[in-house]
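Since the structure comes first, as C-alpha cells, the remarks are kept for the end.
The values are calculated or read from the model by the stated rules, or taken from the named source; none is laboratory data. Just so it is clear, the model here is predicted, and its values are computed rather than measured. Backbone-built Cβ (ideal geometry, glycine too); neighbour counts: all protein chains shown.
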C-alpha cells in the first residue's frame, strides 16, 4: 500500500501484519521504535487519523494506536464488523506506560499484541476480557486451536457468557476428547451438555453445536462439470445426510481430475484442499462400491468412496456411501480422531 506521508515507513505491498499509528511528535518517536520492534509499518497521521485508519483497516491484522482511547473509539466505530474479521487494536499512550487491548482480544490477538507492546515499551498490558480477568478458558481460542466451528455464533457467545458466570461448561463429543481445561467438564449424555462436538446437525436443544473438521467429501464428476453443479451436489449431500458443511475438512478425487476446472474452482471458493489419488491407490481400498462404467473410463473400480477413505486416513469410516447427482458423485468419510492436535493442518494446505 502507498504511505500517506513521507514520514511513514510502509511500502507498497509490504505484506506486514502490524500497523503502528501516531498523532503527536512524541508518539511518532515511540511509534517508529515500536514498528521496528514489532516488525510492522509506521504511519504518522497528524490531522488525518480517520483517513489513515480507513486506508490500513483491511490490510493489517494488528493495529497499534499511540493516541487517546476516545479518538480511537470514535475513529474505528464505523469500520467495525465482527470479532471474526476485525483486526486486533491496541491503544498505547505516548510514554508507553499502558498498552490497552481494545478490540479483538482473543481471536484477533489484541491481548497478545498488548503484551508484546508492553514488553517493548517497559509498560503494562491492560486486558479486560472476562475470561482473562477471572482465569476462565478463552472458549473462542480453545475452539480455534481444535478446529471447531460454532454452528450458531449467537448461541456460542451466550455459552461464553455462561462459562464466565457459572465457572464450568459440560462437553459431549462424538469423538475422543483431548485433555480438557479444568472448567470444561466431559459428560457421557448428549442432552446434558452445554457444548456438543459433532459433525452432524442433529438437534442440540439448549446446547451449542461445535463442528470439527471431521469429514472428507469424495467427488467424482463428468468432464467439464461446472463448480456450481459440484457445490449443489455437496450441499445436497450434507442436507440429506444431516451433516454440517462446516465439518468438511477437505475433498478427494482421482488424479485424472487434477485439471478439472469446476472441481478446482469449487475447492477455491470453499477454501478446501483436494487430495488426488491414482487408480492403483483407489483400487487397493477394500469394501467400497464398484462401477464397471467408472472402471472403463478411469481404470479405477470407484472414485468417490475410496478417495474419501484414503484422504480421511487410518481408522476412518465411510459415513455416506456414494450418491449420484447430475454429473457428480459424492461420498463422505469421517476421520477417526479429528480433535487430535497432531492432525490439525496436516492436509489443510
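What the table shows:
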{"read-out": "Only listed residue being at pLDDT 90 or above and under 30 Å from residue 201 (Cβ atoms), chosen from 119, 159", "value": "159"}
{"read-out": "Unique residue being loosely packed, with under 14 Cβ neighbours inside 10 Å, in contact with a strand residue (DSSP E or B) (Cβ under 8 Å, 6 or more places away or on another chain) and either closer than 20 Å to residue 238 by Cβ or touching a residue at least 40 places away in the same chain (Cβ under 8 Å) (or both) when the list is 152, 198", "value": "152"}
{"read-out": "Residue identified as over 25 Å from residue 156 (Cβ atoms), more than 22 Å from the chain's Cα centre (by Cα), modelled with pLDDT of 95 or more and crowded, with 19+ Cβ neighbours inside 10 Å among 53, 64", "value": "64"}
{"read-out": "The listed residue being surrounded by fewer than 22 Cβ atoms within 10 Å (Cβ to Cβ), closer than 30 Å to residue 132 by Cα and in contact with a helix residue (DSSP H, G or I) (Cβ under 7 Å, 6 or more places away or on another chain), out of 231, 188, 227, 205", "value": "205"}
{"read-out": "Unique match (being modelled with pLDDT of 90 or more and more than 18 Å from the chain's Cα centre (by Cα)) among 167, 151", "value": "167"}
{"read-out": "Candidate set from the range 19-50 (those that are in contact (Cβ under 8 Å) with a residue 60 or more places away in the chain and surrounded by 15 or more Cβ atoms within 10 Å (Cβ to Cβ)); member that is nearest to the chain's Cα centre (by Cα)", "value": "38"}
